[in-house]
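J.: Okay, handing you the structure first.
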Amino acid sequence: MSGIRILACTGVTALGLSVAACGSGATPEASGHRSSTTAAATRKTAAIVGTNLPPEAGYRGIENFCAVAPLTGTIHYDGTSGGLTGVLTVSVGGLPPNDAVNVNWSNDYVRVPVIAGFKTDSKGTAIQSSVDVGRLGEVRGVEIVLTAASVPNPVLGRLEPC
């Protein structure tokens, strides 16, 4: 009978330790070994890696796109540096005033990933200083589709190679 009591107490103690170890959340632990990696350190590293793209990470050519009515203007793409700074020169008008716009890079009229965004002024003209490129185009673009950044994000207009 005392053996049963000891066994029952051991089970409760083991359960208690297990809950305490899992519930603290202070330090990640795997197989009894403490990890020195923290969530904050991991996020910081990811942010640095995301801005240093290797040359093969995107389309490294030069393309010019001309607006299709009712939009006016052009977008110039220069991926030759492999970096994200200075990739897009946006000179487009006819957009909604004081809005946020996504730049969608059309690879093949089917896959159209967002590569950048920008804001418009009170006249509906793109503000170049607000252009934020998040990635290079994947391949030579067949068109650029501008969409509203807010949901739902309707198509605002298109630009074709020129």
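The values are calculated or read from the model by the stated rules, or taken from the named source; none is laboratory data. Because the structure is a prediction, the values reported are computed rather than measured. Reconstructed Cβ throughout: ideal geometry from the backbone, glycine too, with neighbour counts over all protein chains shown. Side chains are part of the model used for accessible areas, which takes the heavy atoms of the whole protein and leaves out ligands, DNA and RNA. Shrake-Rupley method; radii C 1.70, N 1.55, O 1.52, S 1.80 Å.
J.: Report, by residue number, each residue of the stretch 134-161 that is hydrophobic (A, V, I, L, M, F, W, C), under 15 Å from HIS76 (Cα atoms) and modelled with pLDDT of 95 or more.
T.: ILE144, VAL145, LEU146, LEU159, listed by residue number.
J.: Under the condition of being farther than 17 Å from SER91 by Cβ and in contact with a helix residue (DSSP H, G or I) (Cβ under 9 Å, 6 or more places away or on another chain), which residue from the stretch 111-137 is surrounded by the fewest Cβ atoms within 10 Å (Cβ to Cβ)?
T.: Result: GLY134.
J.: Ok, one more. In the stretch 39-61, which residue that is of a type outside the set (Phe, Trp, Tyr), open to solvent by less than 80 Å² (accessible area, probe 1.4 Å) and part of a loop (DSSP other than H, G, I, E, B) is modelled with the highest pLDDT?
T.: GLY61
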